[in-house]
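The values are calculated or read from the model by the stated rules, or taken from the named source; none is laboratory data. The structure presented is a predicted model; accordingly, all values stated were derived computationally and were not measured. A quick note on method: Cβ atoms are made from the backbone with ideal geometry, for glycine too, and the neighbour counts reach across all protein chains shown.
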Amino acid sequence: MSVSFAGLEQEAQEAQASPAPEALSPGEGSAAKRRATRRKKWRPVKDQSKFEAQLDPGFAAEIAAAVPGGELLHQCIQCGTCSSACPVSAYMDLTPRRLIAMTRAGARDDVLHSVSPWVCTSCYACTVECPKRIPITDIMHAVRRISLREKTYPRRFTTPVMTQAFVEMIEDRGRSTESWISMKLYLKTNPGRLLKNAGIGRRLMRQGRLGLRRESIRERGKLRALLKAASS
Amino acid sequence: MSARTYTYYPGCSAKGVGRGFTESLEAVFEHLGAGLEELEDWNCCGATAWPSVDEDQAFALSARNLALAEDRVPDAGPVDVLASCTGCYRALLKTERALAGPGPTADKIGGALAAIGLDYEGRARVRHPIDILVNEIGLDRVSAAVVRPLTGLKVACYYGCLLVRPFATFDDQYDPTSMDRLVRAVGAEPIEWPLKTRCCGGSCYCGGPVIGAMPEATMQLSYALLREATKRGADMIATICPLCQFNLEGFQDRMSRRFGRPLDIPAVFISQLLGVAFGIDEERLGIQRLMRWRLPEPAAVGASAPAGGGGDARD
């Protein structure tokens, strides 16, 4: 582990506004507090890798192996084009650039607890803009896969819940039914929103765009066999 | 099967919330002398949710669809599979590319398909209906079919993210123009705007502010699009993705309240616009399923009745 990795790590931690309080002068403390308040909507990334000993030097290789072309992440020049192309980086705790830096640094735990992969809309703007052609969106998906497997995904955040509900539905029926999946999600995450959006649901039903009948394919058994054979 | 009939993969959304897209595409293709035949027993493409859980399974899902499409055309030639929803388009295209040529992924998926009696030979070519309309049927035939030119209608063509990203197959990645050319071919005027491929926030949040994780972020993204189109004088936004279309039309009242600026701009499928210009019955185009729909008066050339739907479909 080189010194520069630790430097990056430190920068990332400072920006996350949860360093040890005694390390800060009063002025820095209030700035950190302000940043913390601004970000309080999301659960902050756990700062577990404060010391080099806590970093996982194999993490970058793990991610690189999980994505075709993933080894390109070692060529990242930290230009930040991805973060500026990203339409939702303002809502992330780790911007794409920082996520790549921390992945390379081996901050495995912080990256896997981040909300960023779940905030990602998979619009591929970062991937297309990246001057080094790093498949950033696919890396986000790879981080999602590991964090689902290791159950480090942010709790009470809708996207992981939705992803799993969606997958269960397709495994069972082969197609998704929008009404069922939204119901399921409301009940699992935020039943109050069900009331707020009942109006638009009724309207879609009147227009014939939302039905309660569950969609299904004919060869459900075969589809399940296919998925089982293809699972990694 | 005649050369003019295409295998059509609608996907879940273009049969549900975006069913007007499937209806209008079928009507428009038929009007132009081509047919769309829905792929028998298609399954979900896996969207962006499956790759977040298991990428090989995501490839397997799409590969089943491609293999089913190949089965319909027994001879050795390539088979066009039309995917209308851009989310499905990307998922199927990604699978096509991942399974091209030998490799561990191709072997694994091939084995999994063989276990259920299917075989993917690599003949399927994933294409978007817009590609077919512009590059195969041709703008000349589109223009020739127009009976009611949409003169004076200013349209903001919104391509969304996944038509040109990550793969730009038939159009420019940064400034796609195929929809603009189609809109011009039916007499309307496409506006210049820079947000053609900016994300609307609808795809990953599945229904945007309705069930999404971050209603605020989604609303910001869609609002930027709607506001920009309005500011540049567009009468309408034309889309090619069921998620974008719903996301853009469904929450304008909520966004008006949230951002304190009135918003009222119809977001329609481009095929519905083409269908209207071809004089196809609005019922067949699914116009009655839109939340907002109006054509400016000068567009009603040759038709004395005001543009269908009038104001009653609006809220």
Inset, instruction - Would you mind telling me which numbered condition in (1) over 30 Å from B:S143 (Cβ atoms); (2) within 21 Å of the chain's Cα centre (by Cα); (3) more than 7 Å from chain A (Cβ to nearest Cβ); (4) not in a helix (DSSP H, G or I) B:D75 fails? - result: (2)
Inset, instruction - Return the pairs, sorted by first residue and then second, in which the second residue is hydroxyl-bearing (S, T, Y) and surrounded by 17 or more Cβ atoms within 10 Å (Cβ to Cβ), the first residue lies in the range B:223-234 and is touching a residue at least 24 places away in the same chain (Cβ under 8 Å) and in the same structural domain as B:S256 (by TED's automatic domain parsing), the beta carbons are less than 7 Å apart, and the residues are 6+ apart or on different chains. - result: B:L225/B:Y158
Legend entry - Where B:V17 falls short, out of the listed (1) modelled with pLDDT under 95; (2) part of a helix (DSSP H, G or I): (2)
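Those residues that are farther than 11 Å from B:W293 by Cα and among the hydrophobic types (A, V, I, L, M, F, W, C), I need them from the range B:270-281; list them, please. Spell out the reasoning first.
The initial filter retains those residues of the range B:270-281 that are farther than 11 Å from B:W293 by Cα, namely B:270-271, B:274-281.
Those that are farther than 11 Å from B:W293 by Cα and among the hydrophobic types (A, V, I, L, M, F, W, C): B:I270, B:L274, B:V276, B:A277, B:F278, B:I280.
What residue, of A:R145, A:R149, A:R193, is within 10 Å of chain B (Cβ to nearest Cβ), surrounded by fewer than 16 Cβ atoms within 10 Å (Cβ to Cβ) and under 23 Å from the mean Cα position of the chain (by Cα)?
Working: A:R145 fails: surrounded by fewer than 16 Cβ atoms within 10 Å (Cβ to Cβ); A:R193 fails: surrounded by fewer than 16 Cβ atoms within 10 Å (Cβ to Cβ).
Exactly one of A:R145, A:R149, A:R193 is within 10 Å of chain B (Cβ to nearest Cβ), surrounded by fewer than 16 Cβ atoms within 10 Å (Cβ to Cβ) and under 23 Å from the mean Cα position of the chain (by Cα), namely A:R149.
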Legend entry - Cross-chain or 6+ apart pairs with Cβ under 7 Å, the range A:54-75 first and surrounded by 15 or more Cβ atoms within 10 Å (Cβ to Cβ), then of a type in the set (K, R) and part of a loop (DSSP other than H, G, I, E, B): A:L72/A:K132; A:L72/A:R133
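Pick from the range B:1-49 the residues that are within 14 Å of chain A (Cβ to nearest Cβ) and among the aromatic types (F, W, Y): which of them is nearest to B:I130 (Cα to Cα)? Before the answer, list the steps.
Let us first name the residues in the range B:1-49 that are within 14 Å of chain A (Cβ to nearest Cβ), namely B:9-24, B:38-49.
Filter once more, keeping what is among the aromatic types (F, W, Y): B:9, B:21, B:42.
Values: B:Y9: 14, B:F21: 12, B:W42: 21 Å.
By that ranking, first place goes to B:F21.
Just to be sure before I move on: is B:V81 more than 12 Å from chain A (Cβ to nearest Cβ), part of a helix (DSSP H, G or I) and either among the small types (G, A, S) or buried (at least 16 other Cβ atoms within 10 Å of the Cβ) (or both) in the structure I sent?
No; evaluated as a whole, the condition is false for this residue.
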Inset, instruction - Residue by residue through the range A:162-176, note down the ones that are at the interface with chain B (Cβ under 7 Å from one of its Cβ atoms) and touching a residue at least 12 places away in the same chain (Cβ under 8 Å). - result: A:M162, A:T163, A:F166, A:G174, A:R175, A:S176
Inset, instruction - Specify which of the listed residues (B:A60, B:A91, B:A67) is under 16 Å from B:F167 (Cβ atoms), within 12 Å of another protein chain (Cβ to nearest Cβ), of a type in the set (A, V, I, L, M, F, W, C) and assigned to a helix (DSSP H, G or I). - result: B:A91
Inset, instruction - Could you tell me whether A:T121 is assigned by TED's automatic domain parsing to the domain that holds A:A66, assigned to a loop (DSSP other than H, G, I, E, B) and within 19 Å of B:A91 (Cα to Cα)? - result: yes
Legend entry - Filtered residues of the range B:224-242 (kept if touching a Phe, Trp or Tyr at 6+ places or on another chain (Cβ under 9 Å) and within 12 Å of chain A (Cβ to nearest Cβ)): B:L225, B:C241, B:P242
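Let's see how each residue does on (1) without any contact (Cβ under 8 Å) to a residue 12 or more places away in the chain; (2) buried (at least 23 other Cβ atoms within 10 Å of the Cβ); (3) among the basic types (K, R):
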| residue | (1), (2), (3) |
| --- | --- |
| B:E216 | yes, no, no |
| B:C241 | no, yes, no |
| B:R258 | no, no, yes |
| B:G279 | no, no, no |
| B:L285 | no, yes, no |
Inset, instruction - Hand me the list of helices (runs of 4 or more DSSP H) wholly inside the range A:174-215 holding 3 or more residues that are polar (S, T, N, Q). - result: A:178-189
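Considering A:S179, A:S122, which residue is more than 7 Å from chain B (Cβ to nearest Cβ) and either small (G, A, S) or over 30 Å from A:L204 (Cα atoms) (or both)? Talk me through it step by step, then tell me what you get.
On the way: A:S122 fails: more than 7 Å from chain B (Cβ to nearest Cβ).
Of the residues listed, the single one that is more than 7 Å from chain B (Cβ to nearest Cβ) and either small (G, A, S) or over 30 Å from A:L204 (Cα atoms) (or both) is A:S179.
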Legend entry - the range A:152-161 - residue that is part of a helix (DSSP H, G or I) and buried (at least 22 other Cβ atoms within 10 Å of the Cβ) and, of those, farthest from the other protein chains (Cβ to nearest Cβ): A:P160
Inset, instruction - Look at B:D107 and say whether it is within 14 Å of another protein chain (Cβ to nearest Cβ), farther than 25 Å from A:T163 by Cβ, of a type in the set (D, E) and outside any loop (DSSP other than H, G, I, E, B). - result: yes
Legend entry - The lone exception for B:I109 - which of (1) modelled with pLDDT of 95 or more; (2) outside the structural domain of B:A76 (by TED's automatic domain parsing); (3) buried (at least 20 other Cβ atoms within 10 Å of the Cβ) it fails: (2)
Inset, instruction - May I ask you to verify whether B:R97 is assigned to a loop (DSSP other than H, G, I, E, B), among the basic types (K, R) and touching a residue at least 60 places away in the same chain (Cβ under 8 Å)? - result: no
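Determine, yes or no, whether B:L61 is farther than 30 Å from A:K151 by Cα, in contact (Cβ under 8 Å) with a residue 12 or more places away in the chain and crowded, with 20+ Cβ neighbours inside 10 Å. Outline the logic, then answer.
Values: farther than 30 Å from A:K151 by Cα: no; in contact (Cβ under 8 Å) with a residue 12 or more places away in the chain: yes; crowded, with 20+ Cβ neighbours inside 10 Å: yes.
No; evaluated as a whole, the condition is false for this residue.
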